[in-house]
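The values are calculated or read from the model by the stated rules, or taken from the named source; none is laboratory data. Small disclaimer: the values here were computed from a predicted structure and weren't measured. A quick note on method: Cβ atoms are made from the backbone with ideal geometry, for glycine too, and the neighbour counts reach across all protein chains shown. The accessibility values were calculated without ligands, DNA or RNA, using every heavy atom of the protein model including side chains. Shrake-Rupley method; radii C 1.70, N 1.55, O 1.52, S 1.80 Å.
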Amino acid sequence: QVQLVESGGGLVQPGGSLRLSCVASGSIFSINTRGWYRQAPGKERELVAHITSDGNTNYGDSMKGRFTISRDYAKNTLDLQMNSLQPEDTAVYYCYLRQTLRDYWGQGTQVTVSS
């Protein structure tokens with residue numbers, strides 16, 4: 001079993017920055033993919049970014065150039081640096097981990113971008 005706990009969400013003004021973190025614990029294998037999805041009210045969940053165990057990254061189109069995903073293998077942490085935030089980035093952000101064809105999810109953290 002794997003547990004994921006997110007932190008770092010909150011309220012930020014347009015143009016501001018936030019850093020999300022996700023700590024994983026439990027039975028974590030060396031080969032996995034970790035990432036972030038987000039879901040805004042009335043919208044489908046969408047990919048924010050993911051990173052494989054060999055460091056390959058992929059971003060959603062609207063996140064490219066603004067968001068940066070990174071992971072610390074020793075600490076089992078996953079970070080998402082979000083810059084130039086806009087109101088349309090408002091959503092609940094979910095951390096996930098995929099290993100052995102199974103997905104694990106965190107409880108989500110709210111990010112609100114508003115003046």
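Only Cα pairs within less than 10 Å get springs; with that Gaussian network setup on the chain, which residue of Leu80, Leu18, Leu101 has the largest fluctuation?
In the Gaussian network model the winner is Leu101.
Among Ala40, Thr52, Val113, whose Cα projects farthest towards the positive end of the dipole of the chain, with charges put on the beta-carbon of Lys, Arg (+1) and Asp, Glu (-1)?
Looking along the dipole axis, the top candidate is Thr52.
Quick one: net charge of Asp89's neighbours, Cβ under 15 Å, K/R +1, D/E -1?
After counting each charged neighbour, the total is +3.
How much area per residue is accessible in the chain when the probe is 1.4 Å and only protein heavy atoms are counted (Å²)?
Per residue, the chain has an accessible area of 53 Å².
Rg to Rh ratio, the stretch 7-115, alpha-carbon atoms and Kirkwood radius?
0.96
Among all stretches of the chain without exposed chymotrypsin sites (Phe, Trp or Tyr not before Pro) (DSSP loop, at most 12 other Cβ atoms within 10 Å), which one is longest?
30-72
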